[in-house]
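K.L.:
The structure is given below, and queries will be raised subsequently.
Every number here is computed from the coordinates shown, using simple stated rules; none is lab data. All figures in this text were calculated on a predicted structure; none of them were measured in a lab. Every residue, glycine as well, gets a Cβ built from its backbone with ideal geometry; the counts of neighbours run over all protein chains shown.
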Amino acid sequence: MPADQTTSRKEAATRALADVPRVPGAPKPDPILVADHVLRAFGGLTAVDVEHVEIQRGAITALIGPNGAGKTTFFNLLTGFDRPNRGDWTFNGRKLAGVPAHKVARGGMVRTFQLTKALSRLTVMENMRLGATGQSGERLWAAMFAPLWRSQEESITRRAEEILARFSLDTKRDDFAGSLSGGQRKLLEMARALMSDPEMVMLDEPMAGVNPALTQSLLGHVKDLREQGMTVLFVEHDMDMVRDISDWVIVMAQGTVVAEGPPDAVMSDQAVIDAYLGSHHDAPLTEEEEQQVLAEAEARIEAARTDRTNRQEQP
């Protein structure tokens, strides 16, 4: 792709988001995914309680937050791997609440997982072929007649070879997926997701467990998804990566969206700092609070001394 076109894709996303309010649930000029009132509770624990969120088409959006914020659960709900207690969401205007995962993928929204789902006992090429949708040979009656699916399979194989070459996995095409390193499995999962020609790719911690040698390669591939016209939503804890590749950042804490905005603006947002470090992490103690802390410490020390004395006096 020419450099000027590559630059224009990133600049187009930046321009489209320039005037979007920096508030949770901010409306976007051209949202591809819109979620409303999404609630998921496990017993008495509320894992996700998202009032409203929109994902801008053609942009790379990062979903960040501390451990336990509900990011992966939210991913699972949107992609049909879990069901909410309530809520609705649409993708390209089509309602997806209650739609099973395989139909979500067929509709153009695919995802990867924090723990890769490559089929270890199949080859890399076989894994890639499985990612293609609408295969004639998957239907029982058609599978018995090779002429009905042979040419399609050849076309799928050619596409798989092109994508594997792009991800530098072409030399591994006949290796079992289980023999790949953790980073190579991440690459394979991302490559396999592209076999369905998706409009939106959702990546759950794409850098988790990846050695530094492959990190830059993965970063480049994530950026390239946008340059190919796809929308990307990814979960990540590495803030350097978030700053590097994202056009917009959504922050979750305790299941809710607490902040949105461009990377630099979000990183300095007090709500984000509080979510990661606690709301009073850098506030100086008042004199009364300091006296209370000292009194509590002295009380604990005295209690420990008394307990130790009592044990020593026991026969």
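K.L.:
Please report the orientation-averaged projected area of the stretch 7-58, defined via the convex hull of its C-alpha atoms, in nm².
P.N.:
Numbers: hull surface 17.3 nm².
Over all viewing directions, the stretch 7-58 projects a mean Cα-hull area of 4.3 nm².
K.L.:
On to the next question. Would you tally the net charge around VAL23, using a Cβ to Cβ cut-off of less than 11 Å, leaving VAL23 out, and scoring K and R as +1, D and E as -1? Can you show the working numbers first?
P.N.:
On the way: positive: ARG22; negative: GLU260, ASP269.
With Lys, Arg at +1 and Asp, Glu at -1, the net is -1.
K.L.:
How much length is gained if the chain between ASP88 and PHE42 is pulled fully straight, taking 0.36 nm per residue apart and subtracting their Cα-Cα distance, in nm to one decimal?
P.N.:
Details: separation 46, 0.36 × 46 = 16.56 nm, distance 1.85 nm.
Result for the pair: 14.7 nm of gain on full extension.
K.L.:
Give me the one-decimal nm value for the distance between modelled label points at SER268 and THR157, 7 Å along each residue's Cα-to-Cβ direction.
P.N.:
5.7
K.L.:
Same structure again: For each pair in LYS71/LYS95; LYS95/LYS223; LYS71/LYS223, compute the distance between the two Cα atoms and list the pairs where it is over 25 Å.
P.N.:
Working: LYS71/LYS95 21 Å; LYS95/LYS223 28 Å; LYS71/LYS223 21 Å.
Pairs exceeding the cut-off: LYS95/LYS223.
K.L.:
With r defined as the distance between the Cβ atoms of THR215 and ARG305 and R0 fixed at 51 Å, what FRET efficiency is calculated, to the nearest 0.05?
P.N.:
Working: r = 52 Å, r/R0 = 1.02.
The value I calculate is 0.45.
K.L.:
Another question, if that's okay. Sort 176-186, 18-28 by the packing proxy (mean of other Cβ within 10 Å over each peptide's residues), most packed first.
P.N.:
On the way: 176-186: 18.3, 18-28: 13.6.
For the peptides 176-186, 18-28, the packing ranking is 176-186, 18-28.
K.L.:
Still on this structure, I have one more. Computed FRET efficiency, Cβ-Cβ of LEU119 and ALA18, R0 51 Å: what is it to the nearest 0.05?
P.N.:
Numbers: r = 43 Å, r/R0 = 0.85.
Plugging the Cβ-Cβ distance into 1/(1 + (r/R0)^6) gives 0.75.
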